[in-house]
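Asks: Pasting a structure here, questions to come.
The values are calculated or read from the model by the stated rules, or taken from the named source; none is laboratory data. Note that the structure is predicted; figures quoted are calculated from it, not measured. Here Cβ is always computed from backbone atoms with ideal geometry, including for glycine, and neighbour counts include all displayed protein chains.
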Amino acid sequence: MTGAAVRVGVLGCSAIAWRRTLPALRACPDTEVVAVASRDGAKAERFAAEFGTDATDYAGLLARPDVDAVYLPLPPALHERWGVAALTAGKHLLVEKPLAADPAAARALVSVADDAGLVLRENFMFLHHPQHARVRDLMIGGRIGGPRALRAAFGIPPLPDADIRYDPTLGGGALLDVGVYPLRLAQHLLGDDLRVTGAVLHQDARGVDVGGAALLVSATGVPVSVEFGFRHAYGSRYELWGSTGRLLLDRAFTPPPGWQPVLRVEEQDHAEEHTLPAADQFRLSVAAFAAAVRAGHRAGHGPERAWCAAAVTTVELAAAVRAAAVTIPAGAVGALVPAGGQGAADPAELSAWR
Ligand SMILES: NC(=O)c1ccc[n+]([C@@H]2O[C@H](COP(=O)([O-])OP(=O)(O)OC[C@H]3O[C@@H](n4cnc5c(N)ncnc54)[C@H](OP(=O)(O)O)[C@@H]3O)[C@@H](O)[C@H]2O)c1
């Protein structure tokens, strides 16, 4: 399809749709929101009134011939079921991050989209902010010498108890919600070929992971450490350390549209701060999706192949982090410090928690 705006239906009246994606879809000249769907009719009506669209339910949305593409902001464990339903109904799909809750579901989505000849994009908005391209260009241009280590973190304060992120059956947990940001950044800067070498996950009383860290290594041997969680002071940053300097970026993953990023470049004898132009990564992400649809792209072909492969790899890396992790249950943290003072964790205790 070329020329006309992509007609989008929103499946799930979620918080992120209300706050960010619907405003971005409304502002983008290449998209038009025609309907919003909810399990709750009153909620659908409220969203529809705010954004000037029709209100319907999930099945009604997928049956509409005037919907070219579906935006899917459901909890991660529901991405496969409703994503497959949307693709099978012939709709292009913009699905919220992470692509799915497990690798098999992520691969299934790509396979169905490929067979149907449709676009499948993950709404991982930070990738569209030009600040990361700037970092990559500086790295590739040798500004900090050869890369020696990447350290990236995304953490937020605790959420309300009923949040989907605390429900393991919905694909909750900090690893899939915020941990995937630094993992995807590492892919973006160092390539998809990353291996997990160790990890720690902290669980809460419901058995959901609320924080953790992982160590990975790139294909060229660059160590990557990622930290993430739901019980942290807000932090969203990374540091790329090279043989002759460092690149540092704060507010890296969710900069508000008006935020002018400050990229710090440190070398042996001086430091510079570059104030970069603000960018609306929400709008850039939906515009990129609309451009792919209008250009007739298909999942698994041409440029879409790399987008799909990277999205699947992120879910695989998250699964590898989980598999490698020393899991520390709620209430056990105190046991890491031996009575009477500082010291390393007892390896026997740690292996008992795996
Ligand atoms: N890209 C980003 O920056 C960003 C930021 C935040 C979140 N996200 C992603 O967006 C997705 C939604 O996150 P959110 O914070 O917007 O969550 P949310 O407000 O809880 O929305 C999830 C929606 O899913 C629908 N849903 C269907 N079955 C459900 C069930 N069994 N339990 C709960 N909800 C159900 C509900 O819509 P109805 O009631 O209308 O059916 C609900 O409003 C997640 O994948 C998350 O990772 C992305």
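Asks: Is it fair to say Arg39 is at negative phi, in a helix (DSSP H, G or I) and either within 12 Å of the ligand (Cβ to nearest atom) or buried (at least 24 other Cβ atoms within 10 Å of the Cβ) (or both)?
Replies: Against the criterion (at negative phi, in a helix (DSSP H, G or I) and either within 12 Å of the ligand (Cβ to nearest atom) or buried (at least 24 other Cβ atoms within 10 Å of the Cβ) (or both)), Arg39 does not qualify.
Asks: Out of all the residues in the stretch 23-36, which are in a helix (DSSP H, G or I) and within 11 Å of the ligand (Cβ to nearest atom)? Please lay out each step first, then the result.
Replies: Our first condition is that a residue be in a helix (DSSP H, G or I); within the stretch 23-36, this holds for 23-27.
The answer is Ala24, and nothing else.
Asks: Just name the residue that is farthest from Ala252 (Cα to Cα) out of those in the stretch 102-159 that are under 18 Å from the mean Cα position of the chain (by Cα) and acidic (Asp, Glu).
Replies: In this case the residue turns out to be Asp102.
Asks: Same structure, new question: So in the stretch 249-290, with the set limited to residues that are buried (at least 21 other Cβ atoms within 10 Å of the Cβ), hydrophobic (A, V, I, L, M, F, W, C) and over 17 Å from the mean Cα position of the chain (by Cα), which one is nearest to Arg237 (Cα to Cα)?
Replies: Going through the qualifying residues, I end up with Leu249.
Asks: Only one of these conditions is not met by Ala299: (1) part of a helix (DSSP H, G or I); (2) in contact with a Cys (Cβ under 8 Å, 6 or more places away or on another chain); (3) away from the ligand (no atom under 16 Å from the Cβ). Which number is it?
Replies: Here Ala299 clears every test but (1).
Asks: Looking at Thr313, is it outside any helix (DSSP H, G or I) and among the hydroxyl-bearing types (Ser, Thr, Tyr)?
Replies: Criteria not met by Thr313.
Asks: Picking from Val208, Val217, Val178, which residue would you name as being surrounded by 20 or more Cβ atoms within 10 Å (Cβ to Cβ) and in contact with a strand residue (DSSP E or B) (Cβ under 9 Å, 6 or more places away or on another chain)?
Replies: Going through Val208, Val217, Val178 in turn, just one is surrounded by 20 or more Cβ atoms within 10 Å (Cβ to Cβ) and in contact with a strand residue (DSSP E or B) (Cβ under 9 Å, 6 or more places away or on another chain): Val178.
Asks: Among the residues of the stretch 64-76, is there at least one that is touching a residue at least 60 places away in the same chain (Cβ under 8 Å), over 24 Å from Ala288 (Cα atoms), touching a Gly at 6+ places or on another chain (Cβ under 9 Å) and not hydroxyl-bearing (Ser, Thr, Tyr)?
Replies: The answer is no; no qualifying residue exists.
Asks: OK, next. In the stretch 115-220, which strands (runs of 3 or more DSSP E) lie fully inside it and hold 3 or more residues that are among the aliphatic types (A, V, I, L, M) and in contact (Cβ under 8 Å) with a residue 12 or more places away in the chain?
Replies: Where strands (runs of 3 or more DSSP E) fall fully within the stretch 115-220 and carry at least 3 residues being among the aliphatic types (A, V, I, L, M) and in contact (Cβ under 8 Å) with a residue 12 or more places away in the chain, they are 147-155, 194-203, 209-218.
Asks: So which of Ala279, Ala233 ends up being at pLDDT 95 or above, within 17 Å of Val135 (Cα to Cα), among the hydrophobic types (A, V, I, L, M, F, W, C) and in a loop (DSSP other than H, G, I, E, B)?
Replies: Details: Ala233 fails: within 17 Å of Val135 (Cα to Cα).
Residue meeting the stated conditions: Ala279.
Asks: Could you check the stretch 153-172 and list, in sequence order, the residues that are touching a helix residue (DSSP H, G or I) at 6+ places or on another chain (Cβ under 7 Å) and within 12 Å of the ligand (Cβ to nearest atom)?
Replies: Hits for the stretch 153-172 are Phe154, Ile156, Leu159, Ile164, Arg165, Thr169, Leu170, Gly171, Gly172.
Asks: Check the stretch 261-269 and report whether any residue there is within 30 Å of Gln203 (Cα to Cα), part of a strand (DSSP E or B) and not assigned by TED's automatic domain parsing to the domain that holds Glu96.
Replies: no
Asks: Out of the residues in the stretch 54-91 that are in contact with a His (Cβ under 9 Å, 6 or more places away or on another chain) and not in a loop (DSSP other than H, G, I, E, B), state the one that is surrounded by the most Cβ atoms within 10 Å (Cβ to Cβ).
Replies: Ala86
Asks: Something else: Among the numbered criteria (1) out of contact with any Phe, Trp or Tyr (no Cβ under 9 Å at 6 or more places or on another chain); (2) not assigned by TED's automatic domain parsing to the domain that holds Arg165; (3) not hydrophobic (A, V, I, L, M, F, W, C), which one does Thr314 miss?
Replies: Going through (1) out of contact with any Phe, Trp or Tyr (no Cβ under 9 Å at 6 or more places or on another chain); (2) not assigned by TED's automatic domain parsing to the domain that holds Arg165; (3) not hydrophobic (A, V, I, L, M, F, W, C) one by one, Thr314 breaks only (1).
Quick grid of which residues meet (1) among the small types (Gly, Ala, Ser); (2) within 18 Å of the chain's Cα centre (by Cα); (3) more than 8 Å from the ligand (Cβ to nearest atom):
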residue	(1), (2), (3)
Val6	no, no, yes
Ala17	yes, yes, no
Ala49	yes, no, yes
Ala55	yes, no, yes
Leu74	no, yes, no
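Asks: Now, a different point. Select, from Leu175, Leu201, Leu190, Leu150, the only residue that is more than 12 Å from the ligand (Cβ to nearest atom) and within 21 Å of Ala77 (Cα to Cα).
Replies: Leu201
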